[in-house]
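Okay, structure first, notes after.
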């Protein structure tokens, strides 16, 4: 019997499959489709201090083997997440969830993490995933993830308010992602997750203008898998903390590839938007894929 | 929402750029006109969301049936759809979105559709006519060559009025020009069409004539089932996802500012 269990910062996951932030909401709507307790965990929608509508529409564009999004961190704000969203999740999900925290300043990351840590739902949270890599917001977001010093500053600030594992979500829109990961590790990050989306754009041939109202957006989907594998490989060789791999993962085989590149677990993003059952299907397919490639224990790849 | 495989049993052109497809399979997830389906096409990453135009059950349990969609060729994806042959199997998400609430229709509902906004009104008209209501339909097109389904609405027993932008058929102008020529004593309205048309209808029919209604919105979607937040719009009741909280919104909640 194939053993799909993996460990992530001291917490054992039944399998390494984690729906990525922004593709799974706060989980409970997917629970209407299937029992989401089959997941390793999932990372909830990027949460900021204040409610955000995000960018103007259109904020989705299709690409060969993928898509661009410029949603811009739409979310109801941390207080509403604590009051309304997570109590709904608690009714349908028994496993530790990954709390994705976004912000526009180091203080905002700290405050959101603090409020979640001190709330009555803090027991639901297994890890904090600090998103310093959103390409779709201005004056924050990705700018923290493109400079080792700024990234380290965020880690240092957030580290003070939580004992829970801190995962830093990194941007691929950099020259040397391993250097950023190293800077995060040095300030006490427990893991890094990568890659967030790659900045891109498309034009509307009829209007001759950018298709997205925000002009640029983040590319995700199978198109980015090779880039993600390369960056996970480079990062895993540079740091000793766990690396969570994501970027175009759409099948059990992709999960295996991510782990061969050095990932401790894999997040599944855009695939959930094409097929709402994608994460469940990947989990169901994992044992057979492991058997096919002679892998008994996933944690030993 | 339900994911299922559906079989193409008809795929034909209605006009130079508008086509009709009939799909057979599990239709149990649909419960209102105005809902839509999201079709996966080979080689395309995102699905194609298309409104439900008609629905006929083929069993007594309202599970199996035939649904009709009408789609306009807008890009490569819809172009490929025209080449699908009878017997093709499609991966479809069914029963998506919140449709029209027909319980508000009153005794004399008005339906207003423009272009590919016409199809979802057909099933609404059919259901309203089943209740034997006095249904008026205003259908707007660019030109006489673009007209489809006007006869189908008449066959349901609706009073159908045509407007064409170039005046080549019916009233010259927009659906609002046709509205002005009617007795405005309607009890409720249902509408679907491009945003400029919806704005004109909002201003003239809701704000001007004081008739409340429900309008179906279109937006570029990612997933089609509420996960990606790609298609959100701001309303008086906060942000709404067109795909999940819509596509049908009530005039009272729409946040458009109309110049006084």
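Taken together, the values in this text are just the output of simple stated rules run on the coordinates, not laboratory data. None of these values were measured; they are calculated from a predicted model. Using ideal geometry, Cβ is built from the backbone for each residue, glycine included, and neighbour counts are taken over all protein chains shown.
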How do A:192, A:227, B:66 rank when sorted from fewest to most other Cβ atoms within 10 Å of their own Cβ?
A:227, B:66, A:192
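Order A:110-118, B:118-126, B:228-236 from most to least packed using the mean count of other Cβ atoms within 10 Å.
Ranking the peptides A:110-118, B:118-126, B:228-236 by packing returns B:118-126, B:228-236, A:110-118.
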I'd like the mean, over residues of A:265-274, of how many other protein chain beta carbons sit within 10 Å of each residue's own Cβ.
3
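I need the calculated FRET efficiency for the pair residue B:209 and residue B:83, taking r as the beta carbon distance and R₀ as 60 Å, to the nearest 0.05.
With R0 = 60 Å, the Cβ-Cβ based efficiency is 0.85.
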Fraction of alpha-carbon pairs in the range A:59-140 farther than 19 Å apart, rounded to whole percent, equals 45
Three-way shape call for the range A:47-202 based on the alpha-carbon gyration tensor, with the a/c threshold at 1.5:
oblate
For chain A the mean separation of alpha carbon contacts under 8 Å (6+ apart) over residue count, i.e. relative contact order in percent, is 21
So if I take the centroid of the Cα atoms in the range A:81-152 and the same for the range A:239-281, what is the distance between those two points in Å?
20
Fraction of alpha-carbon pairs in chain A farther than 29 Å apart, rounded to whole percent, equals 28
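Assuming R0 = 35 Å, can you tell me the calculated FRET efficiency for the pair residue A:147 and residue A:1, based on Cβ-Cβ distance, to the nearest 0.05?
So, using R0 = 35 Å, E works out to roughly 0.15.
For chain B, how big is the tail of P(r) above 34 Å, as a whole percent of Cα pairs? List each step's numbers first, then the result.
On the way: 4383 of 33670 pairs.
Percent of Cα pairs beyond 34 Å in chain B: 13.
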Label points 7 Å out from Cα along the Cβ direction at residue B:61 and residue A:204: separation in nm?
4.5
Mind running the shape call on the range A:10-52? Use the C-alpha gyration tensor, a ≥ b ≥ c as the square roots of the eigenvalues: rounded below 1.5 for a/c, prolate if a/b tops b/c, oblate otherwise.
oblate
Once you have a ≥ b ≥ c as the square roots of the Cα gyration tensor eigenvalues for the range B:102-209, tell me rounded if a/c is under 1.5, and otherwise prolate or oblate according to whether a/b is larger than b/c.
oblate
Among A:194, A:86, A:273, determine the one that fluctuates most according to a GNM of chain A built with springs between C-alpha atoms less than 10 Å apart.
A:273
Of the candidates B:220, B:250, B:20, which one comes out as most mobile in a Gaussian network treatment of chain B with C-alpha springs shorter than 10 Å?
B:220
Among A:172-183, B:79-90, what's the highest-first ranking by average C-beta atoms within 10 angstrom per residue?
A:172-183, B:79-90
For residue B:166 and residue B:134, calculate 0.36 nm times their separation in residues minus their Cα-Cα distance, and state this gained length in nm to one decimal.
8.6 nm
Over chain B, the sum of -39500 (n - 2.57) across DSSP H runs of at least four, divided by residue number and rounded to 500 deg cm²/dmol, gives at 222 nm -4000 deg cm²/dmol
On the formula 1/(1 + (r/R0)^6), with r taken between the Cβ atoms of residue A:296 and residue B:234 and R0 of 35 Å, the FRET efficiency rounded to 0.05 is 0.10
Between residue B:257 and residue B:145, what is the label-to-label distance in nm when each label sits 7 Å out along the Cα-to-Cβ direction?
4.1
Using alpha carbon centers only, the range B:23-99 is separated from the range A:32-53 by a whole-angstrom value of 28
